[in-house]
Amino acid sequence: MTDAPPPRTRRIRYKGTHPRRFEEKYKELDPGAHAGELRKVMDRGQTPAGTHRPICVAEILACLDPRPGEVGLDATLGYGGHARELLARIRPGGRLFGLDVDPLELPRTEARLRALGFGEDLLVVKRMNFAGLPALLPETGGGLDFILADLGVSSMQIDNPARGFTYKSEGPLDLRLNPNRGRSAAALLKALSREELAALLVENSDEPHAEAIAGALHGQDVATTVHLARLVRGVLSEDEARASLQRTFQALRIAVNDELKVLDQFLSHLPAALRPGGRVAILTFHSGEDRRVKKAFLEGWREGIYRDIAREPVRPSSQERHDNPRSSSAKLRWAVRA
Ligand SMILES: C[S@@+](CC[C@H](N)C(=O)[O-])C[C@H]1O[C@@H](n2cnc3c(N)ncnc32)[C@H](O)[C@@H]1O
C-alpha cells in the first residue's frame, strides 16, 4: 500500500523578489522546513519573521558568568535566545527561572526550549511580570546567583501586525505585551486630554513635536496603526514624521504597559533577590530606562549593597550593530551584590 500524496497547497504569492508582509513570510515563519531561508535573511541584516536575535550575548555572559549548579533568572524570556546560552552553562545541577508577560509567545518559546532538551528540572517557565519578583523568591532556595533583564519588546511582537507595535503595517492600535490585560493604546488615546497626551509624549519619549502630535490625535477615534501614522504625517514633514512616529509608538507602549513603573519596582527588589556575589545585567533601549538602571545601581553601590557596578554602559560592537540594526540603541549595565 502506498501513502496518499500530501495535498497540494498553492505557494503564497507576493509582489517583487522578497515577501514584505508578515503573513507572506511563510518560509521564515516555518524555520523547521526552511532553515536555509533564515540564514539568507540574517545575512541581509534582517531578523527573520517570528524570531528574535539576542543582543550582546557574549557581553552578557561575561558579566553574568553563569556556572554549573547556579540558580538564575531570565526576567524577559522573549524568544529564549539568551536563556538558551545561560541554560547550557548552568548544567549540571543548575536551574533557570524564565519569565515573560506575553501569553501568545511564551508557550511557543517554552516548547522550543523543551525541544532543545531543557527539561523541567533545569528550566522553570512562568507567565509573570518581573515587577512581582518577590513572589518567586521562595522557590529559588535562598536567592539568585544571576539575573538578566532584556527590556522592551521582542522582534516577534514588533513584526506581528496583529499586535499593533509598529506604524509600518496595518493593525489594531494595541501595543500591549499581554493583550488580555489593561487597555489598548487606542483606548488610552480616547481617555487622555490633549494636554495629558502631549505630556506623555514628552515624558516617555522626549518628543519635540508633542504639542502638534497631541493636537492631531486628540478627539479622533484612532483605532489602527496606519490611521495614527496618517494623522501624524498630516502635521509633520515626512522626515520629521518618521522619527516622531517611532517615538510616539514607544511612548504609547511604555504607557499601556506601565513600563517605567514596573522597571522601578524590579530594580528595588534586586538587592533582596540576589545572593551575596550575585550578578545582575540589564539591557535597555532608551534613555528613560537607562537613567533608572544607572541611578539604582549607583545608589546601591554608594550604600554598599553592590560591591561593583558598570561605570559606563556596555554597547553592542560595531559588527553587531551592522549585522542586527535592532541592537543599535542597546545599553548594558551590570552590578554585583555585596
Ligand atoms: C527584548 S525581548 C527579550 C528577548 C530575549 N532576551 C531573547 O533572547 O529572546 C523582551 C521580552 O520581555 C517581555 N517583557 C517586557 N516587560 C516585561 C515585564 N515587566 N515582565 C515580564 N516580561 C516582560 C516582553 O514580552 C518580551 O518578550
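The values are calculated or read from the model by the stated rules, or taken from the named source; none is laboratory data. The structure displayed is predicted, hence computed values, not measured ones. Please note: Cβ atoms are built from the backbone with ideal geometry, for glycine as well, and neighbour counts cover all protein chains shown.
Things worth noting here:
- Filter pass, Phe146 being surrounded by 20 or more Cβ atoms within 10 Å (Cβ to Cβ), in contact with a Gly (Cβ under 8 Å, 6 or more places away or on another chain) and over 16 Å from Gly81 (Cα atoms): yes
- Verdict on Asp239 being over 25 Å from Ala131 (Cα atoms), without any contact (Cβ under 8 Å) to a residue 24 or more places away in the chain and charged (D, E, K, R): yes
- Restricting region 251-285 to residues that are more than 9 Å from the ligand (Cβ to nearest atom) and β-branched (Val, Ile, Thr), the residue that is nearest to the chain's Cα centre (by Cα): Thr284
- The single condition from (1) within 26 Å of Val293 (Cα to Cα); (2) in contact with a helix residue (DSSP H, G or I) (Cβ under 6 Å, 6 or more places away or on another chain) that Ala229 fails is (1).
- Of the listed requirements (1) farther than 12 Å from Ser244 by Cβ; (2) in contact with a Phe, Trp or Tyr (Cβ under 7 Å, 6 or more places away or on another chain); (3) surrounded by 21 or more Cβ atoms within 10 Å (Cβ to Cβ), Ala198 misses just one: (2).
- Matching entry among His52, His82, His34 (being at pLDDT below 95 and in contact with a helix residue (DSSP H, G or I) (Cβ under 7 Å, 6 or more places away or on another chain)): His52
- Candidates Leu113, Leu175, Leu133 - the one that is among the aliphatic types (A, V, I, L, M), within 12 Å of the ligand (Cβ to nearest atom) and part of a loop (DSSP other than H, G, I, E, B): Leu175
- Within region 116-128, restricting attention to residues that are surrounded by fewer than 20 Cβ atoms within 10 Å (Cβ to Cβ) and of a type outside the set (Asp, Glu), the residue that is nearest to the ligand (Cβ to nearest atom) is Met128.
- Taken over region 78-109, the criterion of being part of a loop (DSSP other than H, G, I, E, B) and without any contact (Cβ under 8 Å) to a residue 60 or more places away in the chain is satisfied by Gly80, Arg91, Pro92, Gly93, Gly94, Glu105.
- When residues in region 60-77 are screened for being in a loop (DSSP other than H, G, I, E, B) and over 14 Å from Ala335 (Cβ atoms), 8 of them pass.
- Unique residue being in a loop (DSSP other than H, G, I, E, B) and either at pLDDT below 95 or out of contact with any Asp or Glu (no Cβ under 9 Å at 6 or more places or on another chain) (or both) when the list is Val222, Val262: Val222
- Selection count where residues are in contact with a Leu (Cβ under 6 Å, 6 or more places away or on another chain) and closer than 22 Å to Leu175 by Cα, scope region 100-141: 8
- Counting the residues of region 245-271 that are of a type in the set (A, V, I, L, M) and closer than 17 Å to Val293 by Cβ gives 6.
- Residue within region 210-217 that is of a type outside the set (A, V, I, L, M, F, W, C) and surrounded by 22 or more Cβ atoms within 10 Å (Cβ to Cβ) present: no
- Among residues that are acidic (Asp, Glu), in contact with a strand residue (DSSP E or B) (Cβ under 7 Å, 6 or more places away or on another chain) and farther than 20 Å from Arg275 by Cβ, Glu105 is not included.
- Gln250, sole failed condition from (1) surrounded by fewer than 22 Cβ atoms within 10 Å (Cβ to Cβ); (2) touching a His at 6+ places or on another chain (Cβ under 9 Å); (3) part of a helix (DSSP H, G or I): (1)
- Of all residues in region 297-317 being among the small types (Gly, Ala, Ser) and more than 21 Å from the chain's Cα centre (by Cα), the one that is surrounded by the fewest Cβ atoms within 10 Å (Cβ to Cβ): Gly304
- Gly164 being on the phi > 0 side of the Ramachandran plot, touching a helix residue (DSSP H, G or I) at 6+ places or on another chain (Cβ under 9 Å) and buried (at least 18 other Cβ atoms within 10 Å of the Cβ): yes
- So Ile158, is it in contact with a Phe, Trp or Tyr (Cβ under 6 Å, 6 or more places away or on another chain), within 14 Å of the ligand (Cβ to nearest atom) and not aromatic (Phe, Trp, Tyr): yes
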